[in-house]
Each structure stands twice: as structure tokens, then as C-alpha cells.
Amino acid sequence: MLLRQWIDLSPMSCLDFSKKIGIPQPLLHYYMSGDTLPRIDNIQKIEKFTGGAVSGEDIVLYWLNTQRQRIQKNATAEGRHE
């Protein structure tokens, strides 16, 4: 499950979630948008707090897919296909 989905389904806001796990809210936003891959300790915090609903694998795969899409989009915009 994606972190954004978990937060959307929970009764707490992103700010509440970030405070509970000790991650600054702007950094949490970067994680949820796929801009930044969390450090392993932050991945573990997220996984533990969500009871495993958001796994480390989910987080890493989302980041990888986001990066792949950005690379493909940039390559297409530049007229290259990879």
C-alpha cells in the first residue's frame, strides 16, 4: 500500500502522522511524492507505525517507479526513447 493511501484512509493528517513518527512534514511530503527515498530508519518507522500495511518494499518500489516515469518523460520530451 502507498503511504499516501494509508494516510488518506486513516483519521490523521499528514502533519499528525509526521509528528507521531518523528519525521518533518515537508520530508514526509517528499516521500509521498516519490521525490526522495527515505533512509532505512525512516522506512522502518513508517512500516512499524502502519503495522506493516505500508512496507519497506512498497516504499522503495514506489520511489523506483516514480524515478523511472520521470526518466521516461524526460527522454520523450528530448526526443529519445529508452
Anything in the range 31-62 that is within 19 Å of Asp8 (Cα to Cα), surrounded by 14 or more Cβ atoms within 10 Å (Cβ to Cβ) and out of contact with any helix residue (DSSP H, G or I) (no Cβ under 7 Å at 6 or more places or on another chain)? List them, or say none.
Asp58, Tyr62
Answer with yes or no whether Thr36 is outside any helix (DSSP H, G or I) and among the polar types (S, T, N, Q).
yes
Mind listing just one residue for me: the one in the range 54-79 that is of a type outside the set (A, V, I, L, M) and assigned to a loop (DSSP other than H, G, I, E, B) and, of those, farthest from His29 (Cα to Cα)?
Gly79
Can you tell me which residue in the range 1-47 is farthest from Leu64 (Cα to Cα), limited to those that are touching a residue at least 12 places away in the same chain (Cβ under 8 Å) and basic (Lys, Arg)?
Lys20
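Condition check ((1) at pLDDT 95 or above; (2) within 11 Å of the chain's Cα centre (by Cα)) across all residues:
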position	(1), (2)
Pro26	yes, no
Tyr31	yes, yes
Ile40	yes, no
Lys45	yes, no
Val54	yes, yes
Ile59	yes, yes
Thr66	yes, yes
Lys73	no, no
Out of curiosity, is Ala77 out of contact with any Gly (no Cβ under 6 Å at 6 or more places or on another chain) and modelled with pLDDT under 95?
yes
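The values are calculated or read from the model by the stated rules, or taken from the named source; none is laboratory data. Remember, it's a predicted structure, so these values are computed and weren't measured experimentally. Note: ideal-geometry Cβ built from the backbone for every residue, glycine included; neighbour counts use all protein chains shown.
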